[in-house]
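Here, each number is a calculation from the coordinates, and none is a lab measurement. In this text, all values refer to a predicted model and were calculated from it rather than measured experimentally. Every residue, glycine as well, gets a Cβ built from its backbone with ideal geometry; the counts of neighbours run over all protein chains shown.
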Amino acid sequence: MTASDGNDYLFAECKWRNDLLDKSVLNSLKRKSQVFDRQQEKVFYVLFSKGGFTQGVIDEAEKAPHLLMFDLNDLITY
C-alpha cells in the first residue's frame, strides 16, 4: 500500500505471543489511531500475530477491507 498524500494512514500492531490476538487488540489500535488530528482519506489497520487470531478478529477482517492480518506462517512464507 502506498499513500499518495498526507491523507492516508497505516496503523499496525504486532504481538509476538503464542496466544490468539483478539478484538481487544484491534479496538485498542483503533483508539490509539484517533490521537492523530487528521483529514482521513483511507485508514489501514494491520495486525501481526505469532499465535494467530480469534474468530472475532477474522470475522471483522472479512467485513473491513482496510484491515489486514498476518500470522507467523504468512511472515515465514512471504
Hey, with R₀ at 25 Å, roughly what FRET efficiency would SER28 and ASN7 work out to, going by the Cβ-Cβ distance, to 0.05? 0.60
Please report, in Å, the Rg and the Dmax of the chain, where both are computed over Cα atoms only. 13.0, 37
Proximal lysine pairs, the chain, alpha carbons under 18 Å, eight or more residues apart or interchain: 11
